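In what follows, a structure is listed as structure tokens, so that the remarks can point back to it.
Quick note: the coordinates plus some simple rules give every number you see, no bench work behind them. Remember, predicted model here, so these are calculated numbers, not experimental data. Methodologically, a virtual Cβ is constructed for each residue, glycine included, from the backbone with ideal geometry; neighbour enumeration extends over all protein chains shown.
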Amino acid sequence: MAEQVGADTYGSRFSRVGGFPDVLGAMPATLIPREITTPGPGALRALLVSAGNPVLSVPDAGAMRGALEQLELMVSIDLYVTETNRHADYILPATSFLEREDLPLATLAFARTPYVQWTEAVVEPAGEARQEWEIIEAISRRLGIVPNSDRRARALGRLGVRITPRRMIDGLLRTGRYGDGFGLRRTGARLSLKTVAAQRSGIKLDDELPVGVLRRKVRHGDGRVHLDPPAIAGEVRRLLADGAVPADPAFPVRLIGLRELRSHNSWMHNAPKLMNAARSHAARVHPEDAETVGVADGGRLRIVSKDGTIEVDVRVTDELSPGVVAVPHGWGHHGGWQVANAAGGANVNVLAGSAPEDLEPLAGMAFLNGIRVRLEAVVPVAAADGAAPVRAPLPA
């Protein structure tokens with residue numbers, strides 16, 4: 001898909017700060033504050049955020065908050081007032097999943113049985129809410145821009161042909177393997193958007209996924225999988241030459257991330273049915289580390305890195321290796337959402353580094369795993385009757 005829309009790029013341009021290459025047309029989000037506050041040609045002066053929350057999702061929330069206040073214009077498309085868009089000049093309301101039609105494009109590729117499904121909107125949009133593509137299209141047209149990432153669609157747009165997602169999906173269905181070819185194909189599934197929409201539970205396309213297709217999927221001109229692209233091979237050689245980073249006794253523990261069920265991303269913390277009274281933000285710690293620090297299950301822990309400090313509750317479990325602490329991400333809300341704010345917790349990304357030298361050089365990604373930290377007991381909560389720390393399993 002990236003190839004079709006001309007977004008299959010790497011290193012076609014580089015960031016002003018740090019000189020990091022673009023990856024699929026995108027630049028490192030961690031550098032947003034510095035791209036705003038660093039003066040000079042190309043400084044970021046306006047920002048449109050669609051359903052994102054970088055104040056919670058990238059390192060150094062304080063720098064991000066301060067930088068957003070320096071923008072000349074910030075526009076957000078969202079359902080909530082979040083930690084990020086509370087700094088916006090305009091928050092444009094998007095539709096919920098019940099107020100728009102939908103094709104589950106992001107999950108279709110993961111299905112074991114090939115199928116396709118289309119659903120229409122269930123209710124009318126509330127107030128002035130619009131679909132994201134409608135908002136972006138309206139803004140683009142006011143700016144004199146033809147709004148589409150596909151080069152062919154942009155060309156049609158210049159001719160006055162409006163390429164809506166509905167029209168684009170219909171075209172993809174009809175020209176695909178199971179499509180009707182706009183009436184030219186007389187055998188097979190003969191799909192169009194009309195035939196798919198008529199079956200609300202979806203249409204099964206085949207009994208199983210096709211096999212033996214890898215050669216047709218490889219995008220390199222020689223038809224082979226390239227296991228040693230020059231950029232990656234060069235980085236591996238550099239890391240091998242540098243050798244292992246020596247241990248730091250001031251930060252003897254490694255921090256890793258954790259995604260819990262019913263807590264996939266930050267916005268899910270504002271759904272009451274997902275946030276029952278038993279839910280809390282807790283670091284997972286191995287019994288040996290808990291004993292060393294002097295904290296038991298149910299206690300409170302301070303986690304310190306070279307870049308920041310957070311305090312969270314403790315859940316002791318032997319399903320984690322000694323010397324490793326796991327902390328779920330997406331907590332620590334201070335936006336306009338009441339349920340999420342009341343949930344408490346801390347923003348684990350405060351512990352990650354945001355300086356250019358702390359980022360992964362091939363793509364400018366922040367290191368959110370393997371961060372060196374130390375643990376300090378805030379509330380020990382001694383185990384009952386002097387027993388060993390509770391070895392609780394990780395919750396479902």
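So in the chain, what percent of DSSP beta bridges are antiparallel if you round to the nearest 5?
Details: 22 of 42 bridges.
So the antiparallel bridges in the chain amount to around 50 percent.
Per 0.36 nm of contour for each residue apart, how much would the distance between Asp207 and Leu261 grow if the chain were fully extended, relative to their Cα-Cα spacing?
Working: separation 54, 0.36 × 54 = 19.44 nm, distance 2.98 nm.
Length difference between fully extended and current span is 16.5 nm.
Can you tell me how segment 161-318 classifies by the Cα gyration tensor, rounded, prolate or oblate, using a/c under 1.5 as the rounded cut? Cα axes put segment 161-318 in the oblate bin.
Can you tell me the order of 297-309, 167-179, 197-209 when each peptide is scored by its average per-residue count of other Cβ atoms within 10 angstrom, highest first? List each step's numbers first, then the result.
Numbers: 297-309: 18.8, 167-179: 16.6, 197-209: 12.2.
The peptides rank, most packed first, as 297-309, 167-179, 197-209.
Where both bridge residues fall in segment 10-204, DSSP classifies roughly 35% of the beta bridges as antiparallel.
Proximity of backbone amide H atoms, modeled 1.01 Å from N, is registered between Ala352 and Asp60 at under 5 Å, excluding neighbours fewer than 5 places apart on the same chain.
For Cα extents along the principal axes in Å, the choices are (i) 89, 43, 41; (ii) 77, 50, 50; (iii) 59, 49, 44; which was calculated from the structure? Checked against the structure: label (ii).
Count the net charge of all other residues whose Cβ sits under 10 Å from the Cβ of Leu191, scoring Lys and Arg as +1 and Asp and Glu as -1. Present the calculation step by step, with values, prior to reporting the outcome.
Working: positive: Arg174, Arg177, Arg185, Arg190, Lys194; negative: Asp170, Asp180.
Counting the neighbours of Leu191, the net charge comes to +3.
Arranged from fewest to most other beta-carbon atoms within 10 Å of their beta carbon, Thr84, Thr95, Thr292 become Thr292, Thr95, Thr84. Remark: segment 253-386 projects, on average over all directions, an area of 9.1 nm² (convex hull of Cα atoms).
Taking the beta-carbon count within 10 Å as an exposure proxy, list Arg215, Arg65 from fewest neighbours to most.
On the way: Arg215 9, Arg65 16.
Fewest-to-most ranking of Arg215, Arg65: Arg215, Arg65.
Rounded to the nearest 0.05, what FRET efficiency do Lys194 and Ala7 have when you use their Cβ-Cβ distance and R0 = 25 Å?
Numbers: r = 30 Å, r/R0 = 1.19.
The value I calculate is 0.25.
From its DSSP helices (H runs of at least four residues, each -39,500 (n - 2.57)), the chain gives a residue-normalised ellipticity at 222 nm of -5500 deg cm²/dmol. Estimated at 0.36 nm per residue, the fully extended path between Arg224 and Leu48 surpasses their Cα-Cα distance by 59.5 nm. Peptide packing for 27-36, 239-248 was compared via the average number of neighbouring C-beta atoms within 10 Å per residue; ordered from the highest value, the list is 27-36, 239-248.
Other residues with beta-carbon under 15 Å from the beta-carbon of Val225 carry, at +1 per Lys or Arg and -1 per Asp or Glu, a net charge of +3. By the rule of a C-alpha distance below 27 Å, with chain neighbours fewer than 8 residues away ignored, the lysines paired with Lys217 are Lys204. Here each label is just a point 7 Å from Cα along the line to Cβ, and for Met365 and Ala277 those points are 4.1 nm apart. Is the C-alpha gyration tensor of segment 1-135 telling us rounded, prolate or oblate? Criteria: a/c under 1.5 is rounded; beyond that, a/b larger than b/c is prolate, otherwise oblate. It is oblate, given that a/c is not under 1.5 and a/b is not larger than b/c.
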